[in-house]
Each structure stands twice: as structure tokens, then as C-alpha cells.
1. Taking the simple approach of a point 7 Å from Cα along Cα-to-Cβ for both residue 763 and residue 690, what is their distance in nm?
2. Do the alpha carbons of any pairs in 117/230; 131/487; 141/230 sit beyond 28 Å of each other, and which pairs?
3. Could you tell me the accessible area of residue 281 in Å² (1.4 Å probe, neighbours in place), rounded to the nearest ten?
4. Quick one: accessible area per residue over the stretch 104-249, 1.4 Å probe, rounded to a whole number of Å²?
5. Using all alpha carbons of the stretch 215-255, what is the percent of pairwise distances in each 10 Å bin, ordered from the shortest bin to the longest?
6. Report, to the nearest whole %, how much of the accessible area of the stretch 611-663 belongs to carbon and sulfur atoms, 1.4 Å probe, protein only.
7. Output wanted: per-residue J couplings in Hz (rounded whole) for the stretch 564-572, from phi through Karplus 6.51 cos²θ - 1.76 cosθ + 1.60, θ = phi - 60°, x for Gly and Pro.
8. Could you give the length gained on full extension between residue 110 and residue 600, defined as 0.36 nm per residue of separation minus the Cα-Cα distance, in nm?
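The values are calculated or read from the model by the stated rules, or taken from the named source; none is laboratory data. Remember, it's a predicted structure, so these values are computed and weren't measured experimentally. Cβ sites come from the backbone with ideal geometry, for glycine too, and all protein chains shown count toward neighbours. Each accessible area value is taken on the protein alone, full model and side chains, heavy atoms only, with ligands, DNA and RNA left out. Shrake-Rupley method; radii C 1.70, N 1.55, O 1.52, S 1.80 Å.
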Amino acid sequence: MIVSPARSGGIVAAKNQQKGHGRSRASLWRLLAAGAAAFVGIAASWASLTGLRWYQIAFAVIASILAISLERQARHEAAQLNAKPTDASPPWNVPGSNTQFSGRGEELAKLRELFAKSAAVALYGIGGVGKTQLAIEYAHKYAHGAAGDYEIVWWVAAQRPDLIELQLKELAVLLGLASQGDDATGAAHKAVGYLRRRSEWLIVFDNAEDAAALRPWLPGGGGHVLITSKTASWHELATPLELQILRRAGSAELLRRGRGDLSDDEVELLGDRLGDLPLAIAQATGMLAETGMTASEYLEQLEAKTAQILDERPLHSYGQSLTAATRLSLSSLAEANPAAAHLLRVCAFLAPEPIPSRMLTEAARIIDPSARPPDGNGAVRDMVRQIVRYGLGRSDRSGLQVHQLTQLIIRDQSIEQAEAISLLVRARPGDPLEPACWADWGEFLPHLQAADLVTTNDEGLRQVVCAAIWYLLSSGASEAALSLARKVHESWGMRYGADDAHNLAIDHHALGRFASARRLNEETYAARCRILGAEHPDTLASANNLAIDLYADGDPNAAAKRDETTLQLRRRILGPDHLCTFTSENNLAVALRAVGEETRARRLHKDVADRRRAVLGNDHPHTLTSVNNVGVSLRATGDAAGARLTHERALEQRRALYGDDHHDTLTSASNLAVALYFLGEYQAARVLNEDTLRRRRRVLGEDHPDTLVCACNLAACLRATGDPDMAKGLNEDTLARRRRVLGEDHPLTLLAASNLAVSMHATGAHDAAQALDRDTLARRRRILGDGHPDTILSAGALCEPPPGIPARHLPFRRG
């Protein structure tokens, strides 16, 4: 590291100042001696004037004694100042530098920066993170390098406090302050006192644990103290600095030093699997270099026998293997706090992400059912402190975090997996459909996914997985929801029936894969009818979702019939104000609008919105879904101004609730743009559609049906604002994508065809436009019938069609 001239000058000035302190103290003692003599002389003269001769004698004796004492002290200070080590070379006992050291340039610079402000720094972190190696590198760099700041560098192994004074006595002997036969305590204090009066020294207390035991041996003064420790409890004695895992570039550099033939992909895989932990990276580098095995072979062995692989070829520079160090620390933890060791073994079956405090509290109750807040919370905090103290985890405001390799080594000899599953069931967050619970679900989900979800026989855990899928869907993470559902679908479907297929179908629908969602829901509905009966609530949930898929897959008439039947059954079985009944009413209204019954749809939307507001509140996601659909019905029945106000309110609430990029927020934005278009505010509609399309492309992808709805509407705005060629190009792209994704005869595909025909007319391609209109009319008559509004629009082939239907928001909430 290059020290700036300003900082370097400051360090030199500080050292010169410290050197002057000893000389100043010697001069001060001489000045005091002279002053004392003068004072006694004056006092003696005064005594002579008063005629009391015996005072002269007394003052003379006092003056002599005081002067002699002060002069001796001055000579002692000067001797201490000029004391030199008996050996010609400065005291130095630092372990040899690690030639494989790499990737810690920023940390070395940070240490240097902290020492410019503080005399003591405590470097702390989990086991194997390289604290000792960094301390060694710092000592070598700044004692022997160009900086050369330290004349004395002394290494103290501080894990056993009772041996610290013996190591400091050795320093005192080298400094000529004591002999080998002297008492260790007295000699150690002489060394500390000597350092206190000097600068240009560095003392490293390596692997210290007890701050109280170390306090008497911190010299203070003008030198530096570097402490390495597994615990962060050093705030009263030193400035703490946490050492974290290597950055990937550092891991890659270390791996390639041993094996230069590793590819970028192999380096990434090794870094991921080893968690960028320096000791593990160093051991892997050594094994790859010595054995010649490939990266894939090493990773296979690491997967099969983690603890054994990480116990082989311990490195001299680290002292012991990662497995040995971890097991030794776990053994010490178990002896000091058995409950903390038990908690750690449970945490070994969770993810290496931070474990929230509420999960740790639940884990403590599983371990000790008698633990209850507030005592239970205090016990948990104490257990976490003990785990961190032994370097087996790190803690912050988020909770406890255990490195993935620490987990695997502990898990290799652990039997706490059943307790970990129980913890996941008991620590399940709240309603996955409620945005207020989403933060808890986000913290919880990695730990759930770390469990063996595919082969589990635990019914409670399966229910938690289903709830997690709903959380992912509700929060807009449809791809992640599909991935989780697929993970468990095949295994669960064979053993437990249709529940997982039900969730998988929902995931397919959310991703715009309507045909596959429809097939899955048809299978699920048939299975539930056969097993549970046609009127079971779960069967009705499948019927509701099947209707949604029928609508989305281009069959609104079949969807409306299915919704009518499901609604009647839910009203009779569940009651008129049940949440599932509300859902059926909402979905029936959407289907009615699609088949041309706009007036009835508007009344039903208004009724369910009012009742949802009364039961759930104004800001509930279900209420906002109904408000959105009321706005769509207002626009469809000619009240564009009312639709605009409704969509503006819904958009504002959804932005506050979900953020700008959530699919519900983007649905409201899209529908508001349609209302603006129908009010003639084409430029405002265009700007809003452009923003919404950009966000949907980023969040959902180019081919998602909702993205294509927005593209279709933007094309209409482009045409209205004087860009017909741009509108035509966007309509051509939208039609091609809808044909590929939805099929030739889907209502949305036919809508795109109608809009393209309008764009063709606007650019003068009248013959091609009329041919496309004729084809669209024939398809709409066959699919929708002659009386459907879209068919009527196609019949007037020269009439400009509407700019595009707004997004149909179809919530598939399982009751």
C-alpha cells in the first residue's frame, strides 16, 4: 500500500513526538530538582532572617535529600530511554510469511488506515477466514517493507491467557530488561512498561478470546496492538474490524496459483461450493495441485464426503485443517454451553443465509420447551454470543449466519435434521398473500429451500412449501414459484395426489403458459371430483382456477359457465361473504365482460368491490383487484372519466403497497393508460404505456401475455400521436408473438390482427388490411359468435377498432 505524503508525514511526526516524550521526562525531573533546591534555599534564608537557626539545618537536610532523589529519577529515565536490546537485531518472532497469500489488499489498507487513528485494532471473524494470515502479512509488510514502521514486532499466542506473560517475559529478556531467572510476571510488566514509553513497535495478540485477561498486557503509548479473535467483543479495548470471506477475484487468484489450467466456470463452481472461505480455498488449491484431480472430481468428492475432504492435507501456514478446527471449536462450545451447540447443529440444516431472530427463538423452544420470553430471548442471545465466540458463526441485526462449510462439517456428525424440519414448520411466516408478511417470507424462504423438500414425508412442511409458492406468486416472483413447484411436483404427485399439481398449474398461468395451466387444472379438478367430491372446497378451488385458465386460453364462454356453477356452489356451501365466494364473483364478472354482458359485469364488479371493502378494508390486495376491475367496467360501458379516477386511485394504492414493478401495479398503470386514450389524452397515454411496457419487458419478458397487452395498447397510442409506421411495426411484432405464444385463434391474437389492420390502413396498405380484416372476422364469428362486440367491430372492416383491451386481472386466490 502506498501511504499518501500527508498521512506519511503525520505518522512520522507522531513518532518523533513520542521519541521526545522520554527526553522531556528526564529534563523535567532535573528541572524539579533544581526548583526544589532553590525553594529550600529561599526558605532557609527566610529562617535566617527570623533568627531561628535550627530551621536552617532542617531545610538544608531536606534540600539535600530531595535533590539527590530527583537527580536519581532523572538518571533512571535517561537510562530507560537509551536502553537497547542486547541482540544486534530488533526483537522479532512473527511466523513466516505465506507465499500463497492473496486477495486482501483492501483489508491491509483498512488496517493501515485504522492504525493511523487508533493504537489498537481487533481483527475478528469466523474460523478459517484468515485472520492470522492477514496479521502475519501486515507484520511482514510494514516491518520489513518499504514502509518499515516498526523496530520491534512481537507475536503473542493469546488463546491461553496464562501463557501471555511468559511470552512477554521473553521479549523483556531480549530487550535486556530481565534475565531468564526473573519472575515471569515482573519481567512481562517491565516489557510492557518499556513499550509504553516508546513508539515504533507492533504487538500481535493472536487468537485472543478474553478481553479482561488481555487488558493488563496492552502497553498503550505510541506503538500499535493488533488482536486477532473469533469474537467481536473488543470495543472497550480496540477498534474492531470484521474480516469476511474472500471476494471471488481473490479466490480465483489463489486457486489459479495452484492450478493455472482451471477454467472460469470451474473457478466459479469451486468458489461457490467452498463459500470463498480462505482456509477451504487454500486446502482445495493444495489438493488440486498435488493430486492432479480435475475440478469436477474434487467437487464430487466434496459433495460425497465434505468433512473428510476438508480434513486432508492440513496447511502448515494455518496449523490445522478446516474440519479439525471446526470440530475442535464445536467441542469447546458444547463444553461451555451445550444448548448453544445444540442450536448450532439445528442451524446446520438451514441455509447459509442469516437466520432471523424469530427463527432462533423457535429453535431454542424446540431444544428447551420451557424457554419462554423474556428469559427465552435472553437465552437465545447468549447462545448466539457463544457460537460467535468460538468462530462458528457471525451475528448482526439480521440474526445468526453460519458458513456453508461449517454447516456441512457439523451436519456430517449431526442428528438434528428432524428438529430443523420442526423449526421450519413452527417458524412459518404469516399470510403469504399479505404484503406486510413478505419481508419475513423473504428471510425464511432460503432456509425452507435448504431442506429436503422432494423426499419429505412431513405434512406440515408440505403445507409450508405450498404457502411459499403463494408468497412467490403474490410478490411477483412467478419464475421462482414455478421452479419451486416443479421441484416437488413429480415426487409429491405420485405420493400425495393433486395438491402440488394445483399449485404448479397456478405457476404456469402466472407465467402466461395458459394451455399447460389449463391441462394441469383439468387433471386436478377431475382427480378432486373423484377423490373429494364435486362440492368439496378444494374441488371448488380447482373449478375456479380451471375457469380462469379457460378464459385466458381463449374460451370465455366456457369460463363464464364454469364460473356461474362454482359461484352458486360457493354461495351455498361457504356463504355469500366468504373470501372464496368473492373471488368467484370477481372472476365471473370478468368472464361476463368478455362475452359481451358488460352491464351485468359492471354491477357485479361494483357489488363485490363494496363487500370486499367492508370485510377486508380499503388497502387489501383483493379489494384493490375489485377496484381495478370496476374501473375497467366503467370504461367498457362508456364512462372513461370515471374509469380514469378509479384507476388513478388504484394505481396510487398499489404503488404504495407493492412498489413500481409489481404485476398488480403495472396492471393498474396499463388500464389507466387505456382510460386516458379513450378520453383523447393520447400523449399522456403514450408516455404511461411506454413506461409500463419497459417495466413489463424487464420483469415478465418480451413474450408474456401482459407484456403484449401493453405493446398492443402502445401501438394504438403511437398511431394516435402521429407515428403510424412505428405503430405498424409494433403491431406486427405483437401479432407474431401472440400467434406463437397463444395460437392463431386466441381472442388476444385476433385483437392484435385487428389493430395491425388499422395500422396498415393508416400507412396506405389498404388491400393487405382488408384481407387481414376478413380473416379476423371469420375467426371471430366461429369462436365468439355474430353478436359479440369484437365480431361486430370486425364486421365493420373499415371502422377503426379500439386500441386494445385492458389487462384482464384474474386473481387465482385459493380459499
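1. Calculated label separation equals 1.9 nm.
2. On the way: 117/230 23 Å; 131/487 40 Å; 141/230 23 Å.
Result: 131/487 exceed 28 Å.
3. 0
4. Values: 5520 Å² over 146 residues.
I get 38 Å² per residue for the stretch 104-249.
5. Histogram of Cα-Cα distances, whole percents per bin: 21, 37, 24, 16, 1.
6. C and S fraction of accessible area: 48 percent.
7. Coupling constants for the stretch 564-572: 4, 5, 5, 4, 4, 5, 5, 4, 6 Hz.
8. Details: separation 490, 0.36 × 490 = 176.40 nm, distance 7.00 nm.
Using 0.36 nm per residue and subtracting the Cα-Cα distance, I get 169.4 nm.
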